[in-house]
(Lines give C-alpha, C1' and ligand atoms only; values in the text may rest on other atoms or scores of the structure.)
Protein backbone atom coordinates (compact mmCIF):
# COMPACT_ATOMS: atom_id res chain seq x y z
CA UNK A 1 0.00 0.00 0.00
CA UNK A 2 1.64 3.30 1.13
CA UNK A 3 4.95 1.71 2.07
CA UNK A 4 6.00 1.12 -1.56
CA UNK A 5 8.51 3.57 -3.07
CA UNK A 6 6.19 4.32 -5.99
CA UNK A 7 4.70 7.25 -4.08
CA UNK A 8 7.82 9.17 -5.08
CA UNK A 9 7.09 11.70 -7.84
CA UNK A 10 3.35 11.41 -7.28
CA UNK A 11 1.25 14.39 -6.22
CA UNK A 12 -1.48 14.55 -3.59
CA UNK A 13 -3.32 17.83 -3.55
CA UNK A 14 -0.72 20.60 -3.96
CA UNK A 15 2.08 18.40 -2.58
CA UNK A 16 4.56 16.37 -4.63
CA UNK A 17 6.34 13.40 -2.98
CA UNK A 18 10.13 13.53 -3.27
CA UNK A 19 11.50 10.76 -1.05
CA UNK A 20 10.74 8.27 1.72
CA UNK A 21 12.03 9.69 5.02
CA UNK A 22 11.05 7.06 7.58
CA UNK A 23 9.02 3.90 7.87
CA UNK A 24 7.41 2.77 11.13
CA UNK A 25 4.92 0.21 12.29
CA UNK A 26 1.96 2.57 12.16
CA UNK A 27 2.87 5.08 9.46
CA UNK A 28 5.33 6.13 6.76
CA UNK A 29 6.87 9.61 6.49
CA UNK A 30 7.60 11.16 3.11
CA UNK A 31 9.44 14.31 2.03
CA UNK A 32 7.08 16.49 0.01
CA UNK A 33 7.23 19.90 -1.64
CA UNK A 34 4.47 22.37 -2.42
CA UNK A 35 3.92 22.69 -6.17
CA UNK A 36 3.36 26.46 -6.05
CA UNK A 37 5.35 27.83 -3.10
CA UNK A 38 8.19 25.26 -3.24
CA UNK A 39 7.88 24.88 0.56
CA UNK A 40 9.29 21.64 1.96
CA UNK A 41 7.25 19.56 4.39
CA UNK A 42 6.72 16.00 5.62
CA UNK A 43 3.76 13.78 4.73
CA UNK A 44 2.61 11.26 7.33
CA UNK A 45 0.51 8.41 5.93
CA UNK A 46 -1.10 5.69 8.04
CA UNK A 47 -0.38 2.08 7.18
CA UNK A 48 -3.74 0.96 8.53
CA UNK A 49 -7.12 0.85 6.87
CA UNK A 50 -8.93 0.30 10.15
CA UNK A 51 -11.69 2.96 10.25
CA UNK A 52 -11.16 3.57 13.98
CA UNK A 53 -7.42 4.11 13.58
CA UNK A 54 -7.97 6.34 10.57
CA UNK A 55 -10.39 8.39 12.65
CA UNK A 56 -7.50 9.01 15.02
CA UNK A 57 -5.45 10.41 12.14
CA UNK A 58 -8.21 12.86 11.35
CA UNK A 59 -8.47 13.84 15.03
CA UNK A 60 -4.70 14.25 15.21
CA UNK A 61 -4.74 16.65 12.27
CA UNK A 62 -7.55 18.72 13.76
CA UNK A 63 -5.80 19.07 17.10
CA UNK A 64 -2.35 19.91 15.77
CA UNK A 65 -3.74 22.45 13.33
CA UNK A 66 -5.41 24.17 16.27
CA UNK A 67 -2.12 24.42 18.20
CA UNK A 68 0.23 27.04 16.81
CA UNK A 69 3.36 27.13 18.95
CA UNK A 70 7.13 26.83 18.40
CA UNK A 71 7.23 23.78 20.67
CA UNK A 72 4.42 21.89 18.93
CA UNK A 73 4.92 20.25 15.53
CA UNK A 74 2.42 21.96 13.26
CA UNK A 75 0.09 20.38 10.68
CA UNK A 76 0.04 22.38 7.44
CA UNK A 77 -2.50 20.47 5.41
CA UNK A 78 -4.54 17.27 5.16
CA UNK A 79 -4.68 15.25 1.94
CA UNK A 80 -5.99 11.86 0.85
CA UNK A 81 -3.38 9.28 -0.11
CA UNK A 82 -4.66 6.12 -1.76
CA UNK A 83 -7.93 6.25 0.13
CA UNK A 84 -6.50 7.08 3.59
CA UNK A 85 -5.96 10.47 5.27
CA UNK A 86 -2.48 11.94 5.18
CA UNK A 87 -1.11 14.77 7.33
CA UNK A 88 1.29 17.33 5.90
CA UNK A 89 3.58 18.29 8.79
CA UNK A 90 6.22 20.91 9.31
CA UNK A 91 9.56 19.45 8.25
CA UNK A 92 12.18 19.05 10.99
CA UNK A 93 15.54 18.63 9.28
CA UNK A 94 17.37 15.51 10.39
CA UNK A 95 14.32 13.96 12.06
CA UNK A 96 16.18 13.62 15.38
CA UNK A 97 13.95 12.64 18.30
CA UNK A 98 14.56 13.19 21.99
CA UNK A 99 14.76 9.40 22.31
CA UNK A 100 17.71 9.26 19.90
CA UNK A 101 19.38 12.24 21.56
CA UNK A 102 19.17 10.68 25.03
CA UNK A 103 20.81 7.52 23.67
CA UNK A 104 23.93 9.56 22.92
CA UNK A 105 24.64 10.21 26.60
CA UNK A 106 23.77 12.52 29.51
CA UNK A 107 22.56 16.04 28.77
CA UNK A 108 24.63 19.03 29.78
CA UNK A 109 22.93 21.14 32.51
CA UNK A 110 22.19 24.09 30.22
CA UNK A 111 20.80 21.80 27.50
CA UNK A 112 18.68 19.97 30.08
CA UNK A 113 17.15 23.22 31.28
CA UNK A 114 16.40 24.40 27.74
CA UNK A 115 14.86 21.11 26.59
CA UNK A 116 12.68 20.73 29.68
CA UNK A 117 11.51 24.35 29.39
CA UNK A 118 10.53 23.89 25.74
CA UNK A 119 8.85 20.56 26.46
CA UNK A 120 6.76 22.11 29.24
CA UNK A 121 5.77 25.01 26.98
CA UNK A 122 4.59 22.66 24.24
CA UNK A 123 2.49 20.53 26.59
CA UNK A 124 1.09 23.57 28.35
CA UNK A 125 -0.22 25.12 25.14
CA UNK A 126 -2.10 21.88 24.43
CA UNK A 127 -3.57 21.81 27.94
CA UNK A 128 -4.63 25.44 27.74
CA UNK A 129 -6.43 24.63 24.51
CA UNK A 130 -8.20 21.80 26.35
CA UNK A 131 -6.34 18.80 24.89
CA UNK A 132 -4.67 15.87 26.67
CA UNK A 133 -1.82 14.27 24.73
CA UNK A 134 -1.95 10.79 26.40
CA UNK A 135 1.21 9.57 24.65
CA UNK A 136 4.04 11.81 25.80
CA UNK A 137 7.40 10.05 25.50
CA UNK A 138 10.88 10.86 24.13
CA UNK A 139 10.07 9.22 20.78
CA UNK A 140 7.23 11.70 20.25
CA UNK A 141 9.39 14.80 20.71
CA UNK A 142 11.31 16.00 17.66
CA UNK A 143 14.40 18.19 18.07
CA UNK A 144 14.91 21.08 15.68
CA UNK A 145 18.34 22.70 15.46
CA UNK A 146 18.39 26.46 16.04
CA UNK A 147 21.01 29.10 16.75
CA UNK A 148 20.48 28.56 20.49
CA UNK A 149 20.63 24.76 20.34
CA UNK A 150 17.85 22.20 20.15
CA UNK A 151 14.20 23.25 20.16
CA UNK A 152 11.83 20.45 21.24
CA UNK A 153 8.67 19.99 19.15
CA UNK A 154 5.91 17.89 20.70
CA UNK A 155 4.44 15.63 18.02
CA UNK A 156 2.12 12.66 17.44
CA UNK A 157 -1.23 13.72 18.87
CA UNK A 158 -2.86 10.53 17.58
CA UNK A 159 -4.11 9.56 21.06
CA UNK A 160 -4.97 13.10 22.13
CA UNK A 161 -8.50 14.15 22.94
CA UNK A 162 -10.33 17.15 24.43
CA UNK A 163 -10.05 16.92 28.22
CA UNK A 164 -13.68 17.69 29.02
CA UNK A 165 -15.26 15.73 26.18
CA UNK A 166 -16.85 12.38 27.10
CA UNK A 167 -14.70 9.54 25.74
CA UNK A 168 -15.77 8.33 22.30
CA UNK A 169 -16.38 4.60 22.52
CA UNK A 170 -15.19 4.23 18.94
CA UNK A 171 -11.87 5.94 19.68
CA UNK A 172 -11.25 4.44 23.14
CA UNK A 173 -11.64 0.69 22.98
CA UNK A 174 -12.39 -1.17 26.19
CA UNK A 175 -9.66 -3.59 27.13
CA UNK A 176 -7.01 -1.83 25.05
CA UNK A 177 -4.10 0.00 26.66
CA UNK A 178 -3.62 3.31 24.89
CA UNK A 179 -0.17 4.83 25.24
CA UNK A 180 3.35 3.66 26.02
CA UNK A 181 3.63 1.59 29.18
CA UNK A 182 6.89 3.08 30.47
CA UNK A 183 5.51 6.63 30.38
CA UNK A 184 1.76 6.29 30.91
CA UNK A 185 0.03 7.20 34.16
CA UNK A 186 -1.39 4.36 36.31
CA UNK A 187 -4.98 5.49 35.77
CA UNK A 188 -4.43 5.48 31.99
CA UNK A 189 -3.40 1.83 32.13
CA UNK A 190 -6.85 1.11 33.61
CA UNK A 191 -9.10 3.46 31.66
CA UNK A 192 -7.54 5.75 29.06
CA UNK A 193 -10.89 7.32 28.27
CA UNK A 194 -11.39 8.93 31.68
CA UNK A 195 -7.98 10.50 32.32
CA UNK A 196 -7.40 14.23 32.60
CA UNK A 197 -4.39 16.48 32.10
CA UNK A 198 -2.70 15.10 35.21
CA UNK A 199 -1.94 11.93 33.23
CA UNK A 200 0.34 14.06 31.05
CA UNK A 201 2.02 15.40 34.22
CA UNK A 202 2.96 11.82 35.14
CA UNK A 203 4.43 11.33 31.67
CA UNK A 204 6.41 14.56 31.99
CA UNK A 205 7.80 13.34 35.31
CA UNK A 206 8.91 10.07 33.73
CA UNK A 207 10.53 11.93 30.83
CA UNK A 208 12.34 14.40 33.09
CA UNK A 209 13.60 11.45 35.18
CA UNK A 210 15.13 9.93 32.05
CA UNK A 211 16.52 13.25 30.83
CA UNK A 212 18.28 13.76 34.16
CA UNK A 213 19.18 10.16 35.02
CA UNK A 214 19.82 8.70 31.58
CA UNK A 215 17.44 5.77 32.18
CA UNK A 216 13.63 5.58 32.33
CA UNK A 217 12.11 5.22 35.81
CA UNK A 218 10.05 2.17 34.83
CA UNK A 219 11.30 -0.83 32.88
CA UNK A 220 10.85 -4.59 32.69
CA UNK A 221 11.12 -7.63 30.49
CA UNK A 222 7.44 -7.49 29.53
CA UNK A 223 4.73 -4.84 29.28
CA UNK A 224 2.98 -6.49 32.23
CA UNK A 225 6.10 -6.15 34.38
CA UNK A 226 6.52 -2.51 33.41
CA UNK A 227 2.88 -1.79 34.23
CA UNK A 228 3.22 -3.41 37.64
CA UNK A 229 6.02 -0.99 38.47
CA UNK A 230 3.98 1.90 37.06
CA UNK A 231 0.77 1.14 38.94
CA UNK A 232 2.73 0.97 42.21
CA UNK A 233 5.01 3.92 41.41
CA UNK A 234 8.03 1.68 42.01
CA UNK A 235 11.16 3.42 40.83
CA UNK A 236 14.66 4.03 42.09
CA UNK A 237 15.05 7.45 43.71
CA UNK A 238 16.70 9.80 41.27
CA UNK A 239 19.55 10.52 43.69
CA UNK A 240 20.44 6.82 43.68
CA UNK A 241 20.84 7.00 39.90
CA UNK A 242 22.62 10.38 39.90
CA UNK A 243 24.12 10.89 43.39
CA UNK A 244 24.84 14.59 42.88
CA UNK A 245 21.49 15.42 41.24
CA UNK A 246 20.16 18.89 41.93
CA UNK A 247 17.35 18.78 44.49
CA UNK A 248 14.99 20.69 42.18
CA UNK A 249 14.97 17.84 39.64
CA UNK A 250 14.34 15.20 42.29
CA UNK A 251 11.50 17.22 43.81
CA UNK A 252 9.96 17.82 40.37
CA UNK A 253 10.05 14.14 39.43
CA UNK A 254 8.55 13.03 42.74
CA UNK A 255 5.85 15.72 42.45
CA UNK A 256 4.73 14.08 39.19
CA UNK A 257 5.07 10.36 39.91
CA UNK A 258 2.24 9.81 42.39
CA UNK A 259 -0.17 6.95 41.85
CA UNK A 260 -2.93 9.15 43.26
CA UNK A 261 -3.55 11.96 40.72
CA UNK A 262 -4.78 14.29 43.47
CA UNK A 263 -1.32 14.19 45.04
CA UNK A 264 0.50 15.09 41.83
CA UNK A 265 1.62 18.54 40.87
CA UNK A 266 -1.65 19.86 39.40
CA UNK A 267 -0.52 21.53 36.16
CA UNK A 268 2.42 22.44 33.97
CA UNK A 269 2.65 25.98 35.35
CA UNK A 270 3.13 24.65 38.88
CA UNK A 271 5.69 22.08 37.71
CA UNK A 272 7.65 24.88 36.04
CA UNK A 273 7.64 26.84 39.30
CA UNK A 274 8.78 23.77 41.26
CA UNK A 275 11.71 23.24 38.89
CA UNK A 276 12.65 26.92 39.14
CA UNK A 277 12.49 26.78 42.95
CA UNK A 278 9.75 29.40 43.15
CA UNK A 279 7.15 26.92 44.44
CA UNK A 280 7.97 24.51 47.24
CA UNK A 281 6.75 20.92 47.16
CA UNK A 282 7.29 17.63 48.96
CA UNK A 283 6.13 14.07 48.35
CA UNK A 284 4.28 12.72 51.38
CA UNK A 285 2.58 9.51 50.29
CA UNK A 286 3.65 8.94 46.70
CA UNK A 287 6.72 9.26 44.55
CA UNK A 288 9.68 8.19 46.64
CA UNK A 289 7.60 8.12 49.82
CA UNK A 290 9.66 10.89 51.41
CA UNK A 291 8.39 12.49 54.59
CA UNK A 292 10.35 15.68 54.15
CA UNK A 293 12.86 17.48 52.00
CA UNK A 294 14.86 20.47 53.29
CA UNK A 295 13.11 23.73 52.56
CA UNK A 296 10.19 22.16 50.73
CA UNK A 297 6.57 22.40 51.83
CA UNK A 298 3.82 19.80 51.54
CA UNK A 299 1.41 19.80 48.59
CA UNK A 300 -2.30 20.31 48.91
CA UNK A 301 -4.44 17.68 47.25
CA UNK A 302 -6.79 19.11 44.65
CA UNK A 303 -10.43 18.33 45.62
CA UNK A 304 -11.84 19.47 42.29
CA UNK A 305 -11.05 16.26 40.42
CA UNK A 306 -11.70 12.82 41.79
CA UNK A 307 -9.90 9.95 40.12
CA UNK A 308 -9.84 6.50 41.75
CA UNK A 309 -6.42 5.10 42.56
CA UNK A 310 -5.84 2.06 40.31
CA UNK A 311 -5.18 -1.31 41.88
CA UNK A 312 -1.82 -2.90 41.02
CA UNK A 313 -1.78 -5.19 38.00
CA UNK A 314 -1.06 -8.76 39.03
CA UNK A 315 2.03 -10.46 37.68
CA UNK A 316 4.03 -13.56 38.37
CA UNK A 317 7.35 -11.75 37.94
CA UNK A 318 9.47 -11.51 41.07
CA UNK A 319 11.34 -8.42 42.19
CA UNK A 320 15.13 -8.61 41.80
CA UNK A 321 16.62 -8.89 45.28
CA UNK A 322 19.31 -6.29 44.66
CA UNK A 323 17.02 -3.69 43.11
CA UNK A 324 15.99 -0.70 45.22
CA UNK A 325 12.62 0.84 44.57
CA UNK A 326 11.54 4.22 45.74
CA UNK A 327 7.97 3.42 46.69
CA UNK A 328 5.39 0.64 46.82
CA UNK A 329 1.71 1.32 47.35
CA UNK A 330 1.37 -2.13 48.92
CA UNK A 331 3.89 -4.83 49.93
CA UNK A 332 4.71 -7.82 47.80
CA UNK A 333 3.88 -11.25 49.14
CA UNK A 334 6.48 -12.14 51.73
CA UNK A 335 7.71 -8.55 52.07
CA UNK A 336 7.67 -6.51 55.23
CA UNK A 337 4.80 -4.06 55.31
CA UNK A 338 6.98 -1.45 57.01
CA UNK A 339 6.86 1.92 55.32
CA UNK A 340 8.66 5.23 55.90
CA UNK A 341 7.32 7.01 58.97
CA UNK A 342 4.86 9.67 57.84
CA UNK A 343 5.52 13.30 58.61
CA UNK A 344 4.05 14.44 61.93
CA UNK A 345 0.79 16.28 61.65
CA UNK A 346 0.85 20.01 62.33
CA UNK A 347 -1.15 20.90 65.45
CA UNK A 348 -4.19 23.06 64.95
CA UNK A 349 -3.90 26.70 65.97
CA UNK A 350 -7.28 26.54 67.77
CA UNK A 351 -6.95 25.87 71.57
CA UNK A 352 -8.34 22.55 72.80
CA UNK A 353 -10.90 22.31 75.65
CA UNK A 354 -8.50 20.23 77.70
CA UNK A 355 -5.98 23.05 77.59
CA UNK A 356 -8.08 25.40 79.79
CA UNK A 357 -10.27 23.01 81.85
CA UNK A 358 -7.41 21.57 83.92
CA UNK A 359 -6.02 24.94 85.13
CA UNK A 360 -9.52 26.11 86.10
CA UNK A 361 -10.20 22.95 88.15
CA UNK A 362 -6.85 23.25 89.93
CA UNK A 363 -7.51 26.92 90.74
CA UNK A 364 -10.93 26.11 92.22
CA UNK A 365 -9.48 23.31 94.34
CA UNK A 366 -6.77 25.60 95.73
CA UNK A 367 -9.36 28.29 96.52
CA UNK A 368 -11.60 25.82 98.41
CA UNK A 369 -8.71 24.42 100.45
CA UNK A 370 -7.54 27.93 101.32
CA UNK A 371 -11.04 28.92 102.49
CA UNK A 372 -11.42 25.79 104.65
CA UNK A 373 -8.06 26.40 106.31
CA UNK A 374 -9.05 30.02 106.94
CA UNK A 375 -12.33 29.00 108.62
CA UNK A 376 -10.56 26.39 110.80
CA UNK A 377 -7.97 28.95 111.80
CA UNK A 378 -10.58 31.44 113.02
CA UNK A 379 -12.40 28.84 115.07
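The values are calculated or read from the model by the stated rules, or taken from the named source; none is laboratory data. Because the structure is predicted, anything quoted here is derived from the model rather than measured. Cβ sites come from the backbone with ideal geometry, for glycine too, and all protein chains shown count toward neighbours.
The table that follows gives values for the structure above.
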{"quantity": "Flag if residue 115 is in a loop (DSSP other than H, G, I, E, B) and modelled with pLDDT of 95 or more", "calculated": "no"}
{"quantity": "Any hit, the range 41-63, residues being within 24 Å of residue 150 (Cα to Cα), surrounded by fewer than 17 Cβ atoms within 10 Å (Cβ to Cβ) and over 22 Å from the mean Cα position of the chain (by Cα)", "calculated": "no"}
{"quantity": "Conditions (1) surrounded by 23 or more Cβ atoms within 10 Å (Cβ to Cβ); (2) more than 9 Å from the chain's Cα centre (by Cα); number of the one not met by residue 196", "calculated": "(1)"}
{"quantity": "Which listed residue, of 134, 161, 153, is touching a residue at least 60 places away in the same chain (Cβ under 8 Å), touching a strand residue (DSSP E or B) at 6+ places or on another chain (Cβ under 9 Å), in the same structural domain as residue 207 (by TED's automatic domain parsing) and on the phi > 0 side of the Ramachandran plot", "calculated": "134"}
{"quantity": "Residues (over 22 Å from residue 191 (Cβ atoms) and either surrounded by fewer than 21 Cβ atoms within 10 Å (Cβ to Cβ) or free of Cβ contacts under 8 Å to residues at least 12 places away in the same chain (or both)) located in the range 214-236", "calculated": "214, 215, 216, 219, 221, 236"}
{"quantity": "Selection within the range 70-103 - in a loop (DSSP other than H, G, I, E, B) and either within 20 Å of residue 26 (Cα to Cα) or over 20 Å from the mean Cα position of the chain (by Cα) (or both)", "calculated": "70, 73, 74, 82, 83, 90, 91, 92, 93, 94, 95, 96"}
{"quantity": "Count of residues meeting criterion [over 18 Å from residue 78 (Cβ atoms) and crowded, with 16+ Cβ neighbours inside 10 Å] in the range 22-33", "calculated": "0"}
{"quantity": "Where residue 48 falls short, out of the listed (1) touching a helix residue (DSSP H, G or I) at 6+ places or on another chain (Cβ under 9 Å); (2) under 15 Å from residue 155 (Cα atoms); (3) part of a loop (DSSP other than H, G, I, E, B)", "calculated": "(2)"}
